[in-house]
Amino acid sequence: MFSAQNIMTIRSRSDHRFTWEPINRTVERHLNGMFSAKVADDGYAYDWSSTRIKSNVITVCLTRDSHQELLEFSWDGETIESGLSLGSQFMQKRFQPLTR
């Protein structure tokens, strides 16, 4: 799980290079890095995540054999810390490292 210090380090690194990004886009970018190369216990591999489909919800797309499964978890819709912390919890419950 991401600690408060990890989240603040990520945020400080991203502040100067991605100042144009709204919070939701920053959360998506970091979640893409966090979930990259992950596969769910049912064989679905991470494809993408979005904060823009529903308000205060992060949608995660998993794909297996060209079939998509959309999963969701809530976040506060306002802070990077909320998106990454809840994303980390979601990842621990649903994913294992991809070994191919």
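Worth pointing out:
- Failed item, numbered, when LEU86 is tested on (1) without any contact (Cβ under 8 Å) to a residue 40 or more places away in the chain; (2) exposed (fewer than 14 other Cβ atoms within 10 Å of the Cβ); (3) out of contact with any helix residue (DSSP H, G or I) (no Cβ under 9 Å at 6 or more places or on another chain): (2)
- Filtering the range 29-47 to residues that are without any contact (Cβ under 8 Å) to a residue 24 or more places away in the chain and either acidic (Asp, Glu) or under 17 Å from VAL57 (Cα atoms) (or both) leaves ARG29, ASN32, ASP42, ASP47.
- Close Cβ contacts (under 8 Å, 6 or more residues apart or on different chains) running from residues in the range 12-27 that are at positive phi and at pLDDT below 65 to residues that are surrounded by 11 or more Cβ atoms within 10 Å (Cβ to Cβ) and in a helix (DSSP H, G or I) are absent.
- Taking (1) of a type in the set (Lys, Arg); (2) modelled with pLDDT of 90 or more; (3) closer than 13 Å to SER88 by Cβ in turn, ARG52 satisfies each apart from (3).
The values are calculated or read from the model by the stated rules, or taken from the named source; none is laboratory data. Small disclaimer: the values here were computed from a predicted structure and weren't measured. No Cβ is skipped: glycine too gets one built from the backbone with ideal geometry, and neighbour counts run over all protein chains shown.
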